[in-house]
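S.K.: Quick one: structure below, then a few questions.
What follows draws every value from the coordinates through simple rules; no lab data is involved. For clarity, every value in this text was computed on a predicted model and none was experimentally measured. Cβ sites come from the backbone with ideal geometry, for glycine too, and all protein chains shown count toward neighbours.
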Amino acid sequence: MEQMHVVNHLTHQPVDEKRNVLVESARIARGKIKDLAEIRAADHDALFMPGGYGAAKNLSTFAVDGPGAKVHPEVVRVLREFAAARKPIGAVCIAPATLAAVFQGTDIKPAVTIGTDEATASAIRAMGAEHVSCGVKDLHVDKANRIVTSPAYMLGRGIGEVFVGIEKCVRAVLDLC
């Protein structure tokens, strides 16, 4: 799958370049990845979704369509499979908006956080999920749905700030395993 946009993070501007999401994921993770089509909840203890604007542009169309977002079919399948298996799901930054879109119209009504951005929180509520405001160093645990979320760069200005909330989020997901 081709990325929606490629951004030069020095200038924060889109560049005329094409990149494959799977290839970029392998680059970032140093090759230890699998195509979503290969992922099965039965083979894993938990699922964790990193954020970043790419999550709102490539896993779904949330960046463009807001509450009318469509989610990549394999993302829908994987997330719903983990939820049905009652396996923990963690998500940080903008990724909780994808969770809201995935479970829109289902019996699962996740309670998530992206921090305090009212426009994004409103979009999450419009998709039928609950939004819980919290600080960058905090997290929200939706015990009923076994979903843990933290705002990360939705609020944080640097890695020192986001690290605290992300680490807490990872630990809470592990505690649910």
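S.K.: In vacuo Debye scattering of the range 90-134, one point per C-alpha: log10 I(q)/I(0) at q = 0.15, 0.19, 0.22, 0.29 Å⁻¹?
M.R.: Treating every Cα as an identical point scatterer, log10 I(q)/I(0) equals -0.28, -0.44, -0.60, -1.04.
S.K.: With the calculation restricted to Cα positions, what are the radius of gyration and Dmax of the chain in angstrom?
M.R.: 15.3, 44
S.K.: Still on this structure, please answer the following. Using just the helices of the chain, give the 222 nm mean residue ellipticity in deg cm²/dmol: DSSP H runs with n ≥ 4 each add -39,500 (n - 2.57), and the total is spread over all residues, rounded to 500.
M.R.: Taking each H run of at least 4 residues, the total per residue is -10000 deg cm²/dmol.
S.K.: Sort 148, 75, 164, 64 by Cβ crowding within 10 Å, fewest neighbours at the top.
M.R.: So the residues, fewest neighbours to most, are 64, 164, 75, 148.
S.K.: Ok, one more. Report the Cα centroid-to-centroid distance between the range 110-154 and the range 79-101 in angstrom, as an integer.
M.R.: Comparing the Cα centres of the range 110-154 and the range 79-101, I get a distance of 12 Å.
S.K.: Let me ask you something else. What is the mean projected area of the alpha carbon convex hull for the range 50-105, to one decimal in square nanometres?
M.R.: Directional mean of the projected Cα hull area for the range 50-105 stands at 3.5 nm².
S.K.: Only loop residues by DSSP count here, and only those with at most 16 other Cβ atoms within 10 Å; note down the trypsin sites (Lys or Arg not before Pro) in the range 139-177 that meet that.
M.R.: 143, 157
S.K.: At a Förster distance of 22 Å, what's the computed FRET efficiency of residue 159 paired with residue 117, Cβ-Cβ distance as r, to 0.05?
M.R.: For residue 159 and residue 117, the calculated efficiency is 0.65.
S.K.: Report, by chain and number, residues whose modeled amide H sits under 5 Å from the one on residue 130, excluding near sequence neighbours (fewer than 5 apart, same chain).
M.R.: HN-HN under 5 Å from residue 130: 111, 112.
S.K.: Oh, and also: GNM, the chain, Cα, under 10 Å: largest mean-square fluctuation among 45, 35, 138?
M.R.: Result for the chain, Cα springs under 10 Å: 35 fluctuates most.
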